[in-house]
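Working notes, beginning with the structure itself.
The values are calculated or read from the model by the stated rules, or taken from the named source; none is laboratory data. Computed from a predicted structure; not experimentally measured. Here Cβ is always computed from backbone atoms with ideal geometry, including for glycine, and neighbour counts include all displayed protein chains. Surface areas here come from the heavy atoms of the whole protein model, side chains and all, with no ligands, DNA or RNA. Shrake-Rupley method; radii C 1.70, N 1.55, O 1.52, S 1.80 Å.
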Amino acid sequence: MTLKSYKKEEKMDREFQKKFKFEGSINVLTRMMVDPAATEKRGGAKNLPLRRGEILDVIQFTNQEQILCRNSQRRYGYVPRAVMLPL
């Protein structure tokens with residue numbers, strides 16, 4: 001990992017913590033997959049865009065309906081629990 005990419009990831013992590021009011025270090029709890037039968041969604045202000053079969057890092061189980069996740073492009077957002085499958 002180059003210094004430039006490391007700085008970029010650090011900046012993205014700080015922006016995530018500010019946007020979602022997340023305190024503490026960012027730890028991946030587990031990895032889950034988006035249901036291949038689910039419909040793809042574009043995402044929104046705080047929602048993560050969904051692609052079928054995509055594997056996401058789970059950052060926080062927020063409530064019964066949503067999970068806070070990170071995708072492979074280091075974008076953060078909420079994902080509905082109904083479309084997530086354990087690996």
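Has segment 33-41 got at least one residue that is without any contact (Cβ under 8 Å) to a residue 12 or more places away in the chain and open to solvent by 60 Å² or more (accessible area, probe 1.4 Å)? Yes, the conditions are met somewhere in segment 33-41. Scanning segment 45-61 for residues that are open to solvent by less than 50 Å² (accessible area, probe 1.4 Å) and either under 14 Å from Phe16 (Cβ atoms) or touching a residue at least 24 places away in the same chain (Cβ under 8 Å) (or both) yields Leu48, Leu50, Leu56, Asp57, Val58, Ile59. Counting the residues of segment 1-40 that are under 14 Å from the mean Cα position of the chain (by Cα) and basic (Lys, Arg) gives 2. Residue count for segment 12-52, restricted to those that are part of a strand (DSSP E or B) and among the hydrophobic types (A, V, I, L, M, F, W, C): 4. Note on segment 2-32: among residues that are of a type in the set (Ser, Thr, Tyr) and open to solvent by 50 Å² or more (accessible area, probe 1.4 Å), the one that is nearest to Val58 (Cα to Cα) is Thr30.
Per the conditions (1) of a type in the set (D, E, K, R); (2) modelled with pLDDT of 90 or more; (3) farther than 25 Å from Ser25 by Cβ, the sole criterion not satisfied by Arg70 is (3). Filtering segment 66-87 to residues that are open to solvent by 80 Å² or more (accessible area, probe 1.4 Å) and among the aliphatic types (A, V, I, L, M) leaves Ala82, Leu87.
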